[in-house]
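To keep things clear, I will list the structure first and then write my remarks on it.
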């Protein structure tokens, strides 16, 4: 008799937890319509119209040079800053100007750095913060 009451209560608690976590993820998810660079918003098409596409050293990836992007978007003295790239999921990595000179931003919003490990490949980038 105790199991008959306990199972529906546990099922309701589990359903409540699942619903709450879904609402939380939806509420905290960032939009991918724009890309914020140095506190200015751009669409991915705008970014690709500002900077000429380039191919990586191994010819495996095509995108725009991150160093050119920082210069064209008005970052003053870009060599004196560090840059934090943040994905839609909150994953972020901070790189130096030297890394940015070896970096690409693909049309799929992914960072590719020829001089850094794969851990620095941020997918679905929504923010490039200049520090």
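Any read-out appearing in this document is the output of simple, stated calculations on the displayed coordinates, not a laboratory observation. Remember, predicted model here, so these are calculated numbers, not experimental data. Reconstructed Cβ throughout: ideal geometry from the backbone, glycine too, with neighbour counts over all protein chains shown.
Which shape class applies to the stretch 25-131: rounded if a/c is under 1.5, otherwise prolate when a/b exceeds b/c and oblate if not, where a ≥ b ≥ c are the square roots of the Cα gyration tensor eigenvalues?
Details: a/c = 1.32, a/b = 1.23, b/c = 1.08.
The shape class here is rounded.
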Review point. Residue 119 versus residue 50, label points 7 Å from Cα toward the beta carbon: distance in nm?
Key: 3.0
Review point. Normalised by the number of residues in the stretch 12-131, what is the relative contact order in percent for Cα pairs under 8 Å and 6+ residues apart?
Key: 27
